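Read through the structure below, which is laid out as structure tokens, and then see the notes.
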Amino acid sequence: MQTVGRTRTHFLIRAWTAFVVLAIYLPIACGALAGLSKGRYFAFPIRVFSGEWWGKTWDSFEIHVLVQNSVLIALIVTVLSVLFAFFGALAFARYPWKGRRAFQRLLLLPIFFPQPVLGLALLLWFNALGISPSWKTAVVAHLVWIVPVVTLVIAIQVFSFDPVLEEAASDLGASRLFTLRTVTLPILWPGIWSGALFAFLLSWGNFPLSLYTAGADSTIPKWLYSKMVAGYTPMVPALGTMSTLTAAALLLAGGLVRLLLKKRADLRAREG
Amino acid sequence: MSSVAVSPVSASPAVSKTPRPVLQLVDVRKVFDGFAAVDGINLDIEEGEFVTIVGPSGSGKTTLLRMLAGLESPSDGYITLRGELINDVPSNRRPTCLVFQSLALFPHMTVGDNIEFPLRVRKMAPEERRRRALELMAKVRLPEDYYAKNVMLCSGGEKQRVALARAFAYDPDVLFFDEPLSALDYKLKKLLEKELKDLHRESGKTFVYITHSLEEAMVMSDRIGVMRAGKVVQIGTPEQIYSTPADRFVAEFFGEVNTVPIRRSADGWLRRDGRPVAVTSGLSIDGDEATVVIRPEYMRFVTDDAVADNTIVGTIFNEYSLGSRLQYQVRSRTGRTFLVEVPRAAAWKGTGEVTIGWDARNAIVVGG
Amino acid sequence: MADTSLSAPEAKLTPGLRASLPVLVLLIAGFLAPLVTVAAYAFATPKSFDVFRSFTLANFAAIVDPSNTVWTSFVWALALAFCCVAILLVICYPIASVLFVFPLFVSENVRLYGWVLFFIKNGVLDGALKWFGFSGGPELLYTPGITLFGMVYVYLPFMLFPMTLGIAMIPRDLVDAASDLGAGRLMIWREVELPLAMPGILIGALLTFVLAAGAVAEAKILGGQSVITITQDIEVAFTYAQNWPMGSALALILVLIVSGLALTAMARIDLDKILGKR
């Protein structure tokens, strides 16, 4: 019977989805588990749970420096990439201009590019320019691939923006700046907000670019990698879990803010 | 499907008369999250009929059509096609075809591929498919060289014709139309309405059409059903719907009307100001409150030479030209607004207060 | 270059061009310039730093020299990338209605290391099996197979995201219409859903192929260097070996393969349509 067949397919799809989602989060759970075990070496099932390694990680001066680096880089990248990407998105989606197609494709290239190779190419470029790699060069490297991503995120919002609104505002006597402030920005705000969130989180979790372009400065993913390759300590899964939880909390908070923004906009629309 | 063949005749209370309806709906309901989009519809559609369902947006007409086409199944009631229960027959196994509001043309196919789609489902041989597609294109007046044209490059009217040809290619017993003309400009719409009507007559197929435009319905239909809040409030020929609307809603749906609230008394119906009102219809209304509905074209200026059964005194505060006719807005002494539509020749030339009126035979009394 | 039409002197800047300038400058200075430098180094004398002062094909000659086994890295990288895409297509198509972006924000080494903890001796799998009385888990770590597994795992969101976008783009009416015209589920899928979702699927396949071809962390963390990918060779040339011209030549070949693919595919895709311009 057709309906039976359909139910069975639906069930299989559901089961498959559940399996994939489980597989996606399984290693993250394994890491959390390892960070909470008391022993110096990981063994499953865990005999004694303890927050000891979390405490050690939390107190470590070395890790404080890493977190500072990561936060600093991510913040600068967020601010700069939103600025770049806002105008980039307008060029991408808002204005019909001669080079738009070419611009769209150029913008995609850094996304369609293996990041380790990009990092190495940048390393070579910085060396050729005589710039010694540090967290500042890492910011540039992050920007090269995060700006295109954020541009796309904002561009999706720009695509749904009707340019006639800007014309109407100007027709009603508004200056360009006033129009930008009262019409364009409020409508694009959800996209900009998502873009900023993407920028911070992508920079926060980026490993291949930081690895090659941060020089002697280290970020959380870079430090974790160096310890994974040589010298396991339970601080690795502990810090990894902390970093993941931070990202999750930010994503959640960002989603919440977006929801609130939308609620407020709806409310205003209803009152207006 | 064996489950399909169950005859509903024994189960349905309203057994058919002759001729047997091609589509029969009995107490059909559709509930979405506790909201009844379609709330108990009984409807018989005869073979070869052109039935139009009109109603404002949200009245449930699209849901009704989707159930008929098999894209939704009813929560309750029976839908039968030539006596067979089809409640849960999927759309691809029904001999019916829907022309979507969006037309739903396959954007990655040519005009020819779109029209041949149902023929490919039936595994018809390629040469025959092509022959049949060209035949149908001629029938809907599409040039032959459109066969290989990208369907997305066609104009609005051409897309319309492709969608029609595709539906006919399926060779359904009943065709459904979900406001397919709503996106077209006025002139093209008028043209296609006529062509659709011709196509209906030539093909002899049953058409069920939904729209929110009564004008569209009047032009094409044999019968019109008016829907409101999930129910069919009236069904009848265009003439019946126009001249004897079942209630104020139907009357107002046809366009601008004048309404005068009345109440029952021992001496017959009275107006608000206590004056009696002459009526010829609505004598069987149950309640004590009713409304007299008068179309603007039945209102006229009352003079000593031209008396009327009922009169109202007021002042003209607006005048519009409707081309060959003129429309006046008159405010009565009690502050109600009335519309009077007269031929240009009968334009009001006087000044000051004016008496307007209507004859009882031109008014309709509806309950509430 | 993609921007030749832009650099032509124009009487006045159009708003579009003006808005694109910050990003253009960033991409020229941070993306195109490094690639040009890489290309220049690829033709410099091996093991030297005299870029632009020497021109030689010695690096490429060394790569194609049969005594050099660097070509195996290319084969591994491309073969793994190909398999990765094929597997991801099968995994993702049925679930391309759910979206999880979160894994994108956790650095891949953390996620991969979780699998190390899962598969390692006395790890989650091994320990759990022993606890249930089995003799222990299979030795999966440090094999080419686990490298592929890691790649599939890391790049899954990159396949899923465009694919879901592509499938979500199919208007519901078209599927309904096909069914109404008598098509069965297989025919609807083959004739309507698949062709219309194709741009999204293509983008997903392209993106994952490109990323997987340049992958290195999977082979290092999970694969234990049982497979040397081409990116690792490039890295070694740039860092320990200090043979920049060699590394550049390798990188140039990889970039040409990857961008050749990307540009061909992109030329056939209408971004305005995919991202939803009316």
**OP:** Sort out which residues of the range A:129-151 are without any contact (Cβ under 8 Å) to a residue 24 or more places away in the chain and either in a helix (DSSP H, G or I) or polar (S, T, N, Q) (or both), and write them in order of number.
**Re:** A:LEU129, A:LYS136
Original post:
Of all the strands (runs of 3 or more DSSP E) wholly in the range B:49-146, which have at least 2 residues that are in contact with a His (Cβ under 7 Å, 6 or more places away or on another chain)?
Top reply: B:50-54
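Modelled with pLDDT of 90 or more, within 14 Å of another protein chain (Cβ to nearest Cβ) and farther than 29 Å from A:TRP135 by Cα: does that describe A:ALA15? Can you show your working first?
Numbers: modelled with pLDDT of 90 or more: yes; within 14 Å of another protein chain (Cβ to nearest Cβ): yes; farther than 29 Å from A:TRP135 by Cα: yes.
Yes: the conditions hold for A:ALA15.
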Original post:
All but one of (1) among the aliphatic types (A, V, I, L, M); (2) out of contact with any helix residue (DSSP H, G or I) (no Cβ under 8 Å at 6 or more places or on another chain); (3) touching a residue at least 40 places away in the same chain (Cβ under 8 Å) hold for A:LEU180; which doesn't?
Top reply: (3)
Original post:
Is it true that some residue in the range A:108-120 is over 18 Å from C:LEU211 (Cα atoms), without any contact (Cβ under 8 Å) to a residue 12 or more places away in the chain, buried (at least 19 other Cβ atoms within 10 Å of the Cβ) and within 10 Å of another protein chain (Cβ to nearest Cβ)?
Top reply: no
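Take the residues in the range C:13-45 that are of a type in the set (A, V, I, L, M, F, W, C) and more than 27 Å from the chain's Cα centre (by Cα), then tell me which one is surrounded by the fewest Cβ atoms within 10 Å (Cβ to Cβ).
So in the range C:13-45, the residues of a type in the set (A, V, I, L, M, F, W, C) come out as C:13, C:17, C:19, C:21, C:23-29, C:31-33, C:35-36, C:38-40, C:42-44.
Keeping just the survivors that are more than 27 Å from the chain's Cα centre (by Cα) gives C:13, C:17, C:19, C:21, C:44.
Numbers: C:LEU13: 12, C:LEU17: 19, C:ALA19: 22, C:LEU21: 15, C:ALA44: 23.
If we take residues in the range C:13-45 being of a type in the set (A, V, I, L, M, F, W, C) and more than 27 Å from the chain's Cα centre (by Cα), then C:LEU13 is surrounded by the fewest Cβ atoms within 10 Å (Cβ to Cβ).
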Original post:
Can you name every residue in the range A:77-106 that is touching a Gly at 6+ places or on another chain (Cβ under 7 Å) and under 12 Å from A:TRP145 (Cα atoms)?
Top reply: A:ALA85
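Of the residues in the range A:220-250, how many are aromatic (Phe, Trp, Tyr) and more than 9 Å from chain C (Cβ to nearest Cβ)?
Residues of the range A:220-250 aromatic (Phe, Trp, Tyr): A:223, A:225, A:232.
After this cut, where a residue has to be more than 9 Å from chain C (Cβ to nearest Cβ) as well, the list is A:223, A:232.
Number of matching residues: 2.
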**OP:** May I ask you to say which residue of B:VAL140, B:VAL151 is within 12 Å of chain C (Cβ to nearest Cβ), in contact with a helix residue (DSSP H, G or I) (Cβ under 7 Å, 6 or more places away or on another chain) and of a type in the set (A, V, I, L, M)?
**Re:** B:VAL151
Subject >> Test: residue in the range C:128-140 that is surrounded by fewer than 20 Cβ atoms within 10 Å (Cβ to Cβ), closer than 21 Å to A:TYR25 by Cα, facing chain A (nearest Cβ under 9 Å) and not acidic (Asp, Glu) >> reply: yes
Subject >> Unmet criterion (only one of (1) in contact with a strand residue (DSSP E or B) (Cβ under 6 Å, 6 or more places away or on another chain); (2) outside any helix (DSSP H, G or I)) for B:VAL250 >> reply: (2)
**OP:** Have a look at B:ARG336, B:ARG344, B:ARG325 and point out the one that is within 29 Å of the chain's Cα centre (by Cα), over 19 Å from B:ASP247 (Cα atoms) and modelled with pLDDT of 85 or more.
**Re:** B:ARG325
Subject >> Where a residue in the range B:288-314 is within 16 Å of B:ILE364 (Cα to Cα) and its partner, wherever it lies, is among the aromatic types (Phe, Trp, Tyr), with Cβ under 6 Å and at least six apart >> reply: B:ILE294/B:TRP358; B:TYR298/B:TRP358; B:MET299/B:TRP358; B:ALA308/B:TRP358; B:ASN310/B:TRP358
Original post:
Is at least one residue of the range A:253-268 under 19 Å from the mean Cα position of the chain (by Cα), over 24 Å from A:VAL144 (Cα atoms), assigned to a helix (DSSP H, G or I) and within 11 Å of chain C (Cβ to nearest Cβ)?
Top reply: yes
**OP:** Please specify each residue of the range C:91-125 satisfying the condition of being more than 7 Å from chain A (Cβ to nearest Cβ) and farther than 29 Å from A:ARG14 by Cβ.
**Re:** C:VAL116, C:ILE120, C:LYS121
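Results for (1) surrounded by 18 or more Cβ atoms within 10 Å (Cβ to Cβ); (2) assigned to a loop (DSSP other than H, G, I, E, B), shown as yes or no for each residue.
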| residue | (1), (2) |
| --- | --- |
| B:VAL279 | yes, yes |
| B:VAL307 | no, yes |
| B:THR315 | no, no |
| B:TYR320 | no, no |
| B:GLN329 | no, no |
| B:THR334 | no, yes |
| B:LEU339 | yes, no |
| B:LYS349 | no, yes |
Subject >> Residues of the range A:198-239 that turn out to be free of Cβ contacts under 8 Å to residues at least 24 places away in the same chain, under 21 Å from C:PHE105 (Cβ atoms) and either part of a loop (DSSP other than H, G, I, E, B) or in contact with a strand residue (DSSP E or B) (Cβ under 7 Å, 6 or more places away or on another chain) (or both), as a count >> reply: 1
Subject >> Index of the failed condition, C:TRP189 passing every other in (1) crowded, with 24+ Cβ neighbours inside 10 Å; (2) in a helix (DSSP H, G or I) >> reply: (1)
**OP:** Starting from the range A:84-103, keep only residues that are farther than 15 Å from C:LEU13 by Cα and more than 7 Å from chain C (Cβ to nearest Cβ), then list their pairs with residues that are surrounded by fewer than 22 Cβ atoms within 10 Å (Cβ to Cβ) and aromatic (Phe, Trp, Tyr) whose Cβ atoms are within a distance under 8 Å, requiring at least 6 positions of separation or different chains.
**Re:** A:ARG94/A:PHE161
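Considering only residues of the range B:29-46 that are small (Gly, Ala, Ser) and touching a residue at least 40 places away in the same chain (Cβ under 8 Å), which is nearest to B:GLY83 (Cα to Cα)?
The extreme case among them is B:GLY40.
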Original post:
Counting just the residues of the range A:121-154 that are at the interface with chain C (Cβ under 7 Å from one of its Cβ atoms) and of a type in the set (Val, Ile, Thr), which one comes out nearest to A:SER81 (Cα to Cα)?
Top reply: A:VAL147
Original post:
What about B:ALA266, is it hydrophobic (A, V, I, L, M, F, W, C) and modelled with pLDDT under 85?
Top reply: yes
**OP:** With the condition kept exactly as written, say whether any residue in the range C:89-100 is more than 22 Å from C:PRO195 (Cα to Cα), surrounded by fewer than 22 Cβ atoms within 10 Å (Cβ to Cβ) and modelled with pLDDT under 90.
**Re:** yes
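So that you can scan it fast, the table gives a plain yes or no per residue for (1) among the aliphatic types (A, V, I, L, M); (2) surrounded by fewer than 20 Cβ atoms within 10 Å (Cβ to Cβ); (3) assigned to a helix (DSSP H, G or I); (4) touching an Asp or Glu at 6+ places or on another chain (Cβ under 6 Å):
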| site | (1), (2), (3), (4) |
| --- | --- |
| C:TYR142 | no, yes, no, no |
| C:LEU148 | yes, no, yes, no |
| C:MET159 | yes, no, yes, no |
| C:GLY166 | no, no, yes, no |
| C:ALA178 | yes, no, yes, no |
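Listed residues A:ASP217, A:ASP162; which is more than 10 Å from chain C (Cβ to nearest Cβ) and among the acidic types (Asp, Glu)?
A:ASP217
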Subject >> Those residues of the range C:207-257 which are over 17 Å from the mean Cα position of the chain (by Cα) and among the small types (Gly, Ala, Ser), in sequence order >> reply: C:GLY223, C:GLY224, C:SER226, C:ALA237, C:ALA241, C:GLY247, C:SER248, C:ALA249
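The values are calculated or read from the model by the stated rules, or taken from the named source; none is laboratory data. None of these values were measured; they are calculated from a predicted model. Every residue, glycine among them, receives a Cβ derived from its backbone with ideal geometry; neighbour counts consider all protein chains shown.
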